[in-house]
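Read the structure below first, then the notes.
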Amino acid sequence: MEGPRTVAKEHPGEFLEALEEVTRGITDPVAKLRFIRSYLPEYRQVDRVVQKVPFRPARRMLYRWAGLEGLRQLMKRHGLASPADLTVGTRLSVAFGRAVTAVVALIVVGAMTGLSTFAYRYWRSRALPVTVAAEPAPPAPAPAPVLAPLVIPAGVAPAAVWLVEHGEGFEQYSNGLRIDTRHAVPGEPRKFHVFDRATGLVPVIHDRPAGILFHTSESDVWPLEEGFNDNLRLSSVQLLRWVKRHKLYHYLIDRFGRVYRVVEEESKANHAGHSVWAQGDRIHLNLNHSFLGVSFETRWEGGRALPITQAQFAAGRNLSDWLRGRWEIPAEMCVAHGLTSVNPKKHLIGHHLDWARGFPFEAFGLPDQYQLLPPSVELFGFAHDDDFLKVLGEPWAGVREAERALAREAARRGQTVDEVRRERQGLYDRWLTEQSRAETATAARDDPAASRKPGGVRGGA
Amino acid sequence: MDERKDHLWKVAQEVEERIDDLEKTGAHPMGCDVGTSKVVAARQKSRNIETGSQLNAFIPVPWSRFTENILGQNQIAYYRDDDELVIYGTATEKFANMFNANVRRPMADGLLNAKEKLALPVLEAILQTLIPKARAQGEILAFSVPAAIEGKDPELTYHEATLRRYFEGQGYKAVAINEGLAVIFSELEDQNFTGIGISCGGGMCNVTLAYLSIPSIMFSIPRGGDYIDQAVGAVVNEHATRVKVHKEEGLDLSRPPRDKFEKALHIYYEDLVEELVDALRKNLSHAEKLPKSDRALTIVLSGGTAKPKGFKELFDKTLKGGASLPIEISGVRMASDPLTATARGALIAALYEK
């Protein structure tokens, strides 16, 4: 195990004291080790500047500030430590250091602006008047309108989402998210392959969730009125029991916005079935393993109105923010079940249609996935049938755009659209078979019976 | 026959430190101290560290259906090798005492035992009881390796490569960590991983001086608990295994010896500590670059050989008795748990690499 080679040279005592002041506030040994080993290589640069400061207290302050700033940067960039790994004092110090940095930056910017303004005025006062009029310049293009976000967060938002506290049966996060963990059950360990658009199956097994899939439970829904309180509660309890027994989703959000962890995040849940989604050239088939399933207790009802309560909306957004942060899930990998679900035998999209319209992506801080070309259509040539149209009336915009792309491709090749579709559907069938084989091979590798020692019989402990 | 069966039952009851949890839950980064005497595995559970250990030893017994049944019923780790049953792990020592025989070791002097034909299969079997297969390909596992001993570089390379290959075969990304540095990681967090970590194991003693987690001096001496056991065994005419049991059953180096056993143990412990302190003095004096620090360094002692009562005091006395060191020492202390310090440090290294 190698590490950085730099160590303090000129004023090791001052440096060490300042470093100790920072590290004293890091309670987790791994986080402390990461900080020290990340900070040491930067020390030489910091030291070059600090050495020029003649006063010892100022040098110490600068060392400490640099340490805190380094800690903050590492927390931000690399998830150096969870906030739980730092003492309150250190967290406050980091925030204070950040404030000082901001104030200094403002002062510097202000000074630079002042200087620039002064220089410009000075230059103008000395410039000769223009005697010949120039050609009138063409009018500048109008600036692109800045779209206001649909949801303007009111009040103070936390700088990051962190675990505030946890106890028996709950976890409380800094953005208000509270997870009921009493019903959490482990499942089959997550293991999945992805496909590369050009080369096919990538022989690497992944175990971190790659995305979030939003569902609706399609269960009994009662009016959100006090008179139905017992029915509302009973429905949630029964649904939770069902979801737990069949390990259907990682999270369930009931009508009162209560978030239940059902299947542990490290495990797969049976939520996606046959499904397809992509992130650039990385194609995911059958998203049970690769995506976290978040289900709202409600019925989708065609998506003509937002089918969730305000409490569910807020809880869903907070949960999505936390999961995205925790697992570093990119926004384009947060999608609704209805946009991914396929029928593999008939090569049709929309096998399940929950959230195939009306998911509030923008309000969740996510791109409008309805505009994206679904890989099921674009890459695999899947079609839709009358049943699909009966529910939706019109496919979402991305489907139409993908179909136009297929038509262009067919025209370019001098083939019919059906021929192009069949060819691409064949690719899906092959990849599905390859995925199945890879899963079987992985399962065989993990089978303890396969680890018998040659020449002997293992027994006992 | 009945009596023998009784013995076997007793052995089963006395098997310590079951590691079922480690086997079942799997996954997550792991730390492993592959020592001459013991193999210790550590992994994180919530915010705590959980450890499991096995004796790194084995004893073959003749195969019979009855014996095999008894071993199986009592969940004693074994495998069959032709006409022998190879009993390995923690139960081995009890069997050795029962049959008045010496245990055999897959490792000697901190490295794979080249003279032992069953070294590799037994070590793998022992590791299997502690380290589950990686749940995800590329899970990090850090394992301890000793510092190089002059003239033993090829053996060390072979030892490290063999272990790495085994762990990688289990799906891990294996990272080797120096044993003394692992002790510093687990025990000197409060000193910002600055100080001297010493691990006194069965085959050797490993020493590392690190400044802010960066090792600057690493060395080992090829003597440890086994040397004491064999030397004492030779002078009192006993099996080394029996000496080891005696040593671990409450040897107190701080009080005068009560019998010939203890007298011999005292003599050879003093011999070992003197050699260790001499080597420390020599390595520090000859070091080309010592870290510039105006702080006194802490020495932390760990490992099974450092466990007897009075070892710290003996080390302290020997350290103060000779010529002064080129660096200031603030104090000597024992690791919070000497037997698991290296494995816990290796786990920190694995979590760091994650």
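Just the number, please: percent antiparallel of the DSSP beta bridges in the range B:107-215, rounded to the nearest 5. Intermediate results must be reported in sequence, preceding the final value.
Working: 10 of 17 bridges.
If we restrict to bridges inside the range B:107-215, about 60 percent are antiparallel.
With bins 20 Å wide starting at 0, give me the P(r) of chain B over every alpha carbon pair, in whole percents.
30, 58, 11, 0
Go ahead and estimate [θ] at 222 nm for chain B from helices alone: -39,500 (n - 2.57) per DSSP H run with n ≥ 4, summed, over the residue count, rounded to 500. It would help to have the intermediate numbers written out before the result.
On the way: 12 runs with 145 residues, N = 354.
Roughly -12500 deg cm²/dmol at 222 nm, from the helical runs in chain B.
Report the Rg/Rh value for the range B:195-354, based on alpha-carbon coordinates and the Kirkwood definition of Rh.
Numbers: Rg = 16.3 Å, Rh = 16.5 Å.
Taking Rg over the Kirkwood Rh, I get 0.99.
All other residues with a Cβ under 13 Å from the Cβ of A:Pro209 taken together, and with Lys, Arg as +1 and Asp, Glu as -1, what is their net charge? Show your work: numbers first, answer last.
Numbers: positive: A:Arg190, A:Lys191, A:Arg208, A:Lys268, A:Arg324, A:Arg326; negative: A:Asp207, A:Glu264, A:Glu265, A:Glu266, A:Glu328.
Its environment carries a net charge of +1.
Which of these, B:Lys117, B:Lys94, B:Lys244, has the largest mean-square fluctuation under a Gaussian network model of chain B (Cα springs below 10 Å)?
Of B:Lys117, B:Lys94, B:Lys244, the Gaussian network model singles out B:Lys117 as fluctuating most.
Considering only the other residues whose Cβ falls under 15 Å of the Cβ of A:Phe364, what net charge follows from Lys and Arg at +1 and Asp and Glu at -1? Walk me through the intermediate numbers first.
On the way: positive: A:Arg317, A:Arg324; negative: A:Asp321, A:Glu332, A:Glu362, A:Asp368.
Once positives and negatives cancel, what remains is -2.
Taking a cut-off of 22 Å, what percent of all Cα-Cα pairs in the range B:186-270 are separated by more than that? Could you put the intermediate results ahead of the total?
Working: 1442 of 3570 pairs.
In whole percent, the long-distance tail amounts to 40.
Could you order peptides A:247-257, A:270-280 by the average number of other Cβ atoms within 10 Å of their residues, highest first?
Working: A:247-257: 23.8, A:270-280: 20.4.
Sorting A:247-257, A:270-280 by mean packing, highest first, produces A:247-257, A:270-280.
Projected onto the charge dipole of the range B:238-354 (+1 at Lys/Arg Cβ, -1 at Asp/Glu Cβ, origin at the Cα centre), which of B:Ala264, B:Gly321, B:Tyr352 gives the Cα projection farthest towards the positive end?
Ranked along the dipole, the leading option is B:Tyr352.
Going by alpha carbons, how many degrees (0 to 90, nearest 10) lie between the helix axis of B:119-130 and the longest principal axis of chain B?
So the helix axis and the longest Cα principal axis differ by about 90 degrees.
Return B:Tyr88, B:Tyr268, B:Tyr172 ranked ascending by Cβ neighbour count within 10 Å, so the fewest neighbours appear first. If you can, show how the numbers build up before the last one.
Numbers: B:Tyr88 29, B:Tyr268 21, B:Tyr172 25.
In order of increasing Cβ crowding within 10 Å: B:Tyr268, B:Tyr172, B:Tyr88.
Within 10 Å of each Cβ in A:26-38, how many Cβ atoms from other chains are there, averaged over the peptide? Mind dumping the intermediate values first?
Values: counts 2, 2, 4, 14, 12, 2, 7, 10, 4, 1, 6, 5, 0.
The per-residue average across the peptide is 5.
In terms of the ratio Rg/(2.2 N^0.38 Å) built on C-alpha atoms, what value belongs to the range A:179-263?
On the way: Rg = 17.2 Å, N = 85, 2.2 N^0.38 = 11.9 Å.
With N residues counted in the range A:179-263, Rg over 2.2 N^0.38 Å equals 1.45.
Just grab the label-to-label distance for B:Phe99 and A:Phe55, each label 7 Å out from Cα along the Cβ direction, in nm (one decimal).
7.8
Tally Lys and Arg at +1 and Asp and Glu at -1 over the other residues with C-beta under 11 Å from the C-beta of B:Thr342: what net charge comes out? Mind showing how you got there, number by number?
Working: positive: B:Lys38, B:Arg344; negative: B:Asp33, B:Glu179, B:Glu187, B:Asp337.
Taking every other residue near B:Thr342 into account, the sum is -2.
Please compute the length gained on full extension between B:Asp259 and B:Asp278, using 0.36 nm multiplied by the number of residues separating them and subtracting their Cα-Cα distance. Don't jump to the answer; show the numbers that get you there.
On the way: separation 19, 0.36 × 19 = 6.84 nm, distance 2.85 nm.
Residue separation times 0.36 nm, minus the Cα-Cα distance, leaves 4.0 nm.
Kindly list the residues of the range B:157-194 that lie in the label zone of B:Ala148, defined by a backbone N under 20 Å from the point 7 Å along the Cα-to-C-beta vector.
Hits in the range B:157-194 for B:Ala148 at 20 Å: B:157-165, B:175-182.
Return the subset of B:Lys244/B:Lys309; B:Lys263/B:Lys309; A:Lys32/B:Lys309; A:Lys32/A:Lys268; B:Lys133/B:Lys354 for which the Cα-Cα distance in this structure is over 22 Å, preserving the input order.
Working: B:Lys244/B:Lys309 15 Å; B:Lys263/B:Lys309 15 Å; A:Lys32/B:Lys309 32 Å; A:Lys32/A:Lys268 32 Å; B:Lys133/B:Lys354 17 Å.
With Cα atoms farther than 22 Å apart: A:Lys32/B:Lys309; A:Lys32/A:Lys268.
Hey, how much of the P(r) for the range B:285-354 falls beyond 15 Å, as a percent of Cα pairs? Provide the component values of the computation, followed by the final result.
Numbers: 1573 of 2415 pairs.
Roughly 65 percent, once rounded to a whole number.
Of all the C-alpha pairs in the range A:237-307, what % are more than 19 Å from each other? The partial results should precede the final answer.
Numbers: 1059 of 2485 pairs.
Of all Cα-Cα distances in the range A:237-307, 43 percent exceed 19 Å.
Counting only other chains, what is the mean number of Cβ atoms within 10 angstrom of the Cβ of each residue in peptide B:41-47? Please report the intermediate quantities before stating the final value.
Working: counts 0, 0, 0, 1, 0, 1, 4.
Across the residues of B:41-47, the mean count of other-chain Cβ atoms within 10 Å is 1.
For A:197-208, what's the mean count of beta carbons from other chains sitting within 10 Å of each residue's beta carbon? Mind dumping the intermediate values first?
On the way: counts 0, 0, 0, 0, 0, 0, 1, 2, 6, 3, 7, 1.
The shielding value for this peptide is 2.
How would you rank A:21-29, A:369-377, highest first, on the average number of other Cβ atoms within 10 Å across their residues? If you can, show how the numbers build up before the last one.
Details: A:21-29: 20.1, A:369-377: 22.1.
Those peptides, ordered most packed to least, come out A:369-377, A:21-29.
Please compute the modelled spin-label separation between A:Glu188 and A:Val204, points set 7 Å along Cα→Cβ, answer in nm with one decimal.
Distance between the two pseudo-spin positions: 2.3 nm.
Which angle from 0 to 90°, rounded to the nearest 10, does the C-alpha axis of helix B:311-321 make with the longest principal axis of chain B?
Taking the Cα atoms of chain B, the angle to B:311-321 is about 30 degrees.
Counting DSSP beta bridges with both partners in the range A:231-358, what percentage is antiparallel, nearest 5? Each step should come with its number before you reach the end.
On the way: 10 of 13 bridges.
In the range A:231-358, DSSP labels about 75 percent of beta bridges as antiparallel.
Given a Förster distance of 45 Å, report the FRET efficiency between B:Asp82 and B:Asp271 from their Cβ-Cβ distance, rounded to the nearest 0.05. The partial results should precede the final answer.
On the way: r = 41 Å, r/R0 = 0.92.
That gives a FRET efficiency of 0.60.
If R₀ is 22 angstrom, what is the calculated FRET efficiency for the pair A:Asp386 and A:Ala411, using the beta carbon separation as r and rounding to 0.05?
Details: r = 26 Å, r/R0 = 1.18.
FRET efficiency, A:Asp386 to A:Ala411: 0.25.
Please report the spacing between the Cα centers of the range B:114-192 and the range A:370-393 in Å, no decimals.
Value for the Cα centre distance between the two parts: 53 Å.
What is the fewest-to-most order of B:Leu120, B:Leu127 by other Cβ atoms lying within 10 Å of their Cβ? Can you show the working numbers first?
On the way: B:Leu120 14, B:Leu127 21.
The fewest-first ordering by Cβ neighbours comes to B:Leu120, B:Leu127.
A short reminder: the numbers here are calculations on the coordinates, not readings from a lab. Values in this document were obtained by computation on a predicted structure and should not be read as measured data. With ideal geometry, Cβ positions are generated from the backbone for all residues, glycine too; neighbour counts draw on all protein chains shown.
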